[in-house]
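The structure under discussion appears below in the form of structure tokens.
Here, each number is a calculation from the coordinates, and none is a lab measurement. Computed from a predicted structure; not experimentally measured. Don't worry about glycine lacking a Cβ; one is built from the backbone with ideal geometry, like all the others, and counts go over all protein chains shown.
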There are 2 protein chains.
Amino acid sequence: MTDNQDLCQSRVIHEEKIARARRRALGAQDVDCVTRTFKAMGDPTRLKILWALEPGEMCVCDIAAHLEVTESAVSHQLRILRHLDLVSNRRQGTILYYRLNDRHVSQLIDLALEHVREP
Amino acid sequence: MTDNQDLCQSRVIHEEKIARARRRALGAQDVDCVTRTFKAMGDPTRLKILWALEPGEMCVCDIAAHLEVTESAVSHQLRILRHLDLVSNRRQGTILYYRLNDRHVSQLIDLALEHVREP
DNA sequence: TGTATATATGAACAGATAATCATATAGATA
DNA sequence: TATCTATATGATTATCTGTTCATATATACA
């Protein structure tokens with residue numbers, strides 16, 4: 001008496017598996033936030049920025065020099081990372097120093113590295 | 001005598017930070033593989049597929065019914081996940097059962113959830 | 001107050017991407 | 001062998017995304 005069949009043209013083979021998946025499904029907000037986070041870390045420029053900040057804070061211009069991209073490009077990406085709370089900054093005069101916001105960021109990268117380096 | 005200044009129009013403010021970042025920089029292949037992995041997990045459909053597989057294997061048609069998307073769309077996404085070794089499958093007759101490939105996948109999602117749920 | 005420096009932001013454009021539709025394949029069954 | 005079922009794949013298209021270029025803001029300093 002579920003509405004599985006009505007919602008999709010697919011035949012349903014294992015109803016109990018679908019029911020289980022439905023019960024534990026992530027909420028829309030979790031999906032949205034998690035995918036935004038992964039998507040942010042899924043761009044080479046942003047990943048390199050995060051990795052570079054792991055040992056400590058850097059200013060925009062140093063990041064740009066290190067990555068050999070324009071400061072504008074770095075600034076755009078830092079804004080995205082900032083809005084996702086992946087990085088934060090402190091101002092000292094005209095210079096803004098960016099740092100990783102919490103331990104999760106490097107843990108995520110370490111885990112992904114472990115995965116891709118697996119034999 | 002470095003070539004920092006030649007490679008980028010940016011002024012270099014903290015040479016030692018740039019040098020440190022250079023020393024520990026990820027190789028091109030690591031960056032490529034890790035970003036592909038994060039990018040794959042950064043799509044709502046693919047994230048939901050991975051999350052649904054966490055408790056155990058499911059066939060394409062069940063995944064499609066669960067997510068309320070076409071089987072074709074699921075199949076396209078599963079191919080991407082397969083090529084990144086995030087999932088694998090076993091055939092039983094005409095049915096293909098997909099499962100998570102290793103423990104890293106759910107660990108990554110759990111960590112990301114922890115991050116976004118943080119106050 | 002005026003200028004210089006460090007960074008942010010908006011618009012625009014090129015390239016990437018995910019869904020769709022049509023078609024192909026591979027195993028099962030008659 | 002013919003056909004059915006479950007899934008895969010190619011082409012197309014609309015949407016998204018990252019960089020660039022031009023411009024704006026914010027602090028320091030003369």
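Computed values, structure above
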{"read-out": "Cα-Cα over 25 Å, subset of A:Lys17/B:Lys48; A:Lys48/B:Lys39; A:Lys17/B:Lys39", "value": "A:Lys17/B:Lys39"}
{"read-out": "Whole-angstrom gap from the stretch B:19-58 to the stretch A:47-119, using each part's C-alpha centre", "value": "17 Å"}
{"read-out": "Long-range HN-HN contacts of B:Cys59 with modeled amide H, under 5 Å", "value": "B:Tyr98"}
{"read-out": "Measure of compaction for the protein assembly as shown (Cα Rg per 2.2 N^0.38 Å)", "value": "1.18"}
{"read-out": "Rounded tilt (10° steps) of A:71-83 against the dominant C-alpha axis of chain A", "value": "50 degrees"}
{"read-out": "Partner chain coverage, peptide B:66-76 - average Cβ within 10 angstrom", "value": "3"}
{"read-out": "Inter-copy spacing of A:Arg79 label points, which lie 7 Å from Cα along Cα→Cβ, given in nm from shortest upward", "value": "3.6"}
{"read-out": "Isotropic mean projected area of the C-alpha convex hull, chain A (nm²)", "value": "11.4 nm²"}
{"read-out": "Rg/Rg_globular for the stretch A:59-119, with Rg_globular taken as 2.2 N^0.38 Å and Rg from C-alpha atoms", "value": "1.31"}
{"read-out": "Sequence ranges A:86-95, B:50-59, B:92-101, ranked by mean other-Cβ count within 10 angstrom, highest first", "value": "B:50-59, B:92-101, A:86-95"}
